[in-house]
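Worksheet: one structure, shown below.
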Amino acid sequence: MKISRKKITRKWFNHESGAKFEIRPFPFSLFNSEVNVETRKLQTTSLKDQFMHCLCGWEGLKDDDDKEFKYSDENKEFLYDYYEEIREFVFEKARLINESEDKEIKN
C-alpha cells in the first residue's frame with residue numbers, strides 16, 4: 001500500500017465567479033463525535049468548523065466598495081453564513097482533493 005502526504009496538500013480552485021479559493025481536505029482526526037452525558041445527545045464537529053478548516057485563502061473577492069474582501073476568520077465565517085454557493089464549493093473541492101489523491105495513489 002502506498003501512503004502519500006499529498007492528501008493534505010492545499011490546492012487552488014477557480015470559481016465560476018472568477019474568484020479563486022485555496023482549499024484543503026478535512027482530516028478525520030479533527031472530526032469529533034461524542035455523546036453529551038447530561039443531555040444524552042450526540043455532538044459532532046460542526047459543518048462550520050469543517051469549513052473554517054478547509055478554506056485557507058482566496059483571491060478576487062471584492063466588498064461593497066469594490067475593495068479587496070480580505071482573508072480573515074471573520075470574513076470566512078461571513079462567507080459560511082451567507083454564501084451557500086461558496087460553502088458548497090469549498091466542501092465539494094475538499095472532497096475532490098481526497099478522491100483524486102486516492103485514485104492517484106492506487107495507480
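Read-outs: derived from the displayed coordinates by stated rules, not from any lab. These figures come from a predicted structure and were not determined experimentally.
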LYS20: which aspartates and glutamates have alpha carbons under 18 Å from its alpha carbon, excluding same-chain residues fewer than 8 sequence positions away? GLU59, ASP63, ASP66, GLU68, ASP73, GLU77, GLU84, GLU85, GLU88, GLU92
If the viscosity is 1.002 mPa s and the temperature 20 °C, what translational diffusion coefficient in µm²/s does Stokes-Einstein give for segment 11-96 when Rh comes from Kirkwood over Cα pairs? 152 µm²/s
